[in-house]
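Have a look at the structure below before the remarks.
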Amino acid sequence: MGAGKGACGARRGGGRRLVVKIGSSTLTTSESKIDYAYLERLGDQIARVRAEGWHPVVVTSAAIACGLEKLGIEKRPHDMPSLQAAASVGQSALSTAYAEAFAKRGIVTSTVLLTRRDTADRRAYLHARDTFDKLLDLGVVPIVNENDTVSVEQIRFGDNDTLAALVACLVEADLVVILSDIDGLYDANPAVHPEARLIRRVEAVGPEIMAAAGGAGSTVGSGGMATKIKAARVLMVAGIPLVVCHGRREGAIADAVRGEEVGTRFVAASRPHEITPKKLWIALGDAARGALAVDEGAKAALVAHGSSLLSVGVRAVEGRFESGDIVDIKDGSGNLFARGRAAFSSDEAALAIGRTRAQLQANRLLSSLAEKPLVHRDELVVFE
């Protein structure tokens, strides 16, 4: 269980760290009602794992649902100002509900609200890490949520599965448990295929696993199995195991930390490349601005040899991005297998496609692309 510690070097403070993510559909009884009885049972589970030596962080959803309940609004609105107003009211109420439920078990909580703006900047990312370290050293259980009051499309995580993975990397977690309204990952959609089989263990996330993940989940939350798989992909690179299980299963958290069979456990069979905190930040800290499609030779160099991405291996450029932006890297089938920081803009990259190194060197406008990688290996994360 100590793989998370090795992903980012020596951890300050010691102890095993656990990130528990709770989806809206698990924490609510409807679009606008919080299940306070469930919150009490959650408090019991958190107290139990703390007694076993774990230092938990809770990533929660449902601020908007909690706000709608306080405002007496039965149906979830669709316009952004109404959602942000509900989040503003609900976040205070949700934080209070957690504080009261956990205080009965002698647990002090704190509220941490994040947006991508807080993590896209490398310095802000490190400050957030330091804050989590101090809270956990003090024995506090941080309650983390996206700051829905101010989040807009450009700066929001979009789902708390991604946020949970980011927090896990920030705190160098030893385990992440996602409590959902499904039992785990199936090999087919169980709502359509009754014979679908629960996959108990995943050691690599390839196209077939992404295909099994399907689409979005319930109307209450913003995530689905696909967002959980994307989170798992990054966590496996970081060496942090992930368990996805039904949140209302009795003792789910305690069973997961003990290594018992519950839901689907994602754990990498191996970690072929060194993963630094900087690379983890690239993988999760900022949204991709575009994508580069590469040929098989370039993919093999990146995956098997940890090489940098040269412009000669790029076959297509998607979207518009500037030098320093984060970009996804895909193979010829459209499978996303890496992510990195682009050293050149999309316009420069597009002009370099199909040109040899000699041709690039002969072009005064593109000669820098002949000498410098489009994505350097020190700023690139490979998921395979």
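The values are calculated or read from the model by the stated rules, or taken from the named source; none is laboratory data. These figures come from a predicted structure and were not determined experimentally. Cβ placement follows ideal geometry from the backbone for every residue including glycine, while neighbour counts extend to all protein chains displayed. Note: accessible area is taken over every heavy atom of the protein model, side chains too, but ligands, DNA and RNA are not part of it. Shrake-Rupley method; radii C 1.70, N 1.55, O 1.52, S 1.80 Å.
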Selected residue (only one of Ala316, Ala288, Ala304 is modelled with pLDDT under 90, open to solvent by 20 Å² or more (accessible area, probe 1.4 Å) and over 24 Å from the mean Cα position of the chain (by Cα)): Ala304
Which numbered condition Phe132 misses (of (1) out of contact with any helix residue (DSSP H, G or I) (no Cβ under 7 Å at 6 or more places or on another chain); (2) over 23 Å from Ser24 (Cα atoms)): (1)
Count - residues of segment 356-384 that are open to solvent by 30 Å² or more (accessible area, probe 1.4 Å) and of a type outside the set (Lys, Arg): 14
Where a residue in segment 43-56 is more than 16 Å from Val19 (Cβ to Cβ) and its partner, wherever it lies, is open to solvent by less than 40 Å² (accessible area, probe 1.4 Å) and not in a helix (DSSP H, G or I), with Cβ under 8 Å and at least six apart: Gly43/Ile107; Ala47/Ile107
Test: residue in segment 295-310 that is part of a strand (DSSP E or B) and closer than 26 Å to Ala211 by Cβ: yes
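Please find, within segment 230-257, the residue that is nearest to Asp183 (Cα to Cα) out of those that are of a type outside the set (A, V, I, L, M) and out of contact with any Ser or Thr (no Cβ under 9 Å at 6 or more places or on another chain). Spell out the reasoning first.
From segment 230-257, those of a type outside the set (A, V, I, L, M) are 230, 233, 239, 241, 245-251, 255; that's our starting set.
If we keep only those that are out of contact with any Ser or Thr (no Cβ under 9 Å at 6 or more places or on another chain) as well, we get 233, 239, 241, 249-251, 255.
Working: Arg233: 19, Gly239: 23, Pro241: 17, Arg249: 9, Glu250: 12, Gly251: 14, Asp255: 14 Å.
Among them, the one singled out is Arg249.
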Given (1) assigned to a loop (DSSP other than H, G, I, E, B); (2) open to solvent by 20 Å² or more (accessible area, probe 1.4 Å), index of the condition Ile107 fails: (2)
Residues being in a strand (DSSP E or B), open to solvent by less than 20 Å² (accessible area, probe 1.4 Å) and more than 30 Å from Leu126 (Cβ to Cβ) - total across segment 161-214: 2
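Among the candidates Thr131, Thr115, Thr111, Thr96, which residue alone is polar (S, T, N, Q) and in contact (Cβ under 8 Å) with a residue 40 or more places away in the chain? Show your work before the answer.
Working: Thr131 fails: in contact (Cβ under 8 Å) with a residue 40 or more places away in the chain; Thr111 fails: in contact (Cβ under 8 Å) with a residue 40 or more places away in the chain; Thr96 fails: in contact (Cβ under 8 Å) with a residue 40 or more places away in the chain.
Selected residue: Thr115, the only one of Thr131, Thr115, Thr111, Thr96 that is polar (S, T, N, Q) and in contact (Cβ under 8 Å) with a residue 40 or more places away in the chain.
For segment 27-81, which positions are at positive phi and at pLDDT 90 or above? Break it down into steps so the answer makes sense when it comes.
Our first condition is that a residue be at positive phi; within segment 27-81, this holds for 53, 62, 72.
Once the filter is applied, which keeps residues that are at positive phi and at pLDDT 90 or above, segment 27-81 yields only Gly53.
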Considering residues of segment 319-341 that are open to solvent by less than 30 Å² (accessible area, probe 1.4 Å) and hydrophobic (A, V, I, L, M, F, W, C) only, the residue nearest to Leu380 (Cα to Cα): Ala338
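Considering only residues that are touching a Ser or Thr at 6+ places or on another chain (Cβ under 7 Å) and β-branched (Val, Ile, Thr), look in segment 145-168 and name the one that is modelled with the highest pLDDT.
The first filter runs over segment 145-168 and keeps only residues touching a Ser or Thr at 6+ places or on another chain (Cβ under 7 Å), leaving 145-147, 149-151, 155-156, 158-162, 166.
Now restrict to residues that are β-branched (Val, Ile, Thr): 149-150, 155, 162.
Values: Thr149: 55, Val150: 55, Ile155: 32, Thr162: 84.
My answer is Thr162.
Out of all the residues in segment 319-341, is one or more assigned to a helix (DSSP H, G or I) and farther than 20 Å from Cys169 by Cβ?
At the first step, the residues of segment 319-341 found to be assigned to a helix (DSSP H, G or I) are none.
Checking segment 319-341: not a single residue is assigned to a helix (DSSP H, G or I) and farther than 20 Å from Cys169 by Cβ.
Residue by residue through segment 204-218, note down the ones that are hydrophobic (A, V, I, L, M, F, W, C) and at pLDDT below 75.
Applying the first criterion (hydrophobic (A, V, I, L, M, F, W, C)) to segment 204-218 yields 204-205, 209-213, 216.
Correct list: Ala213, Ala216.
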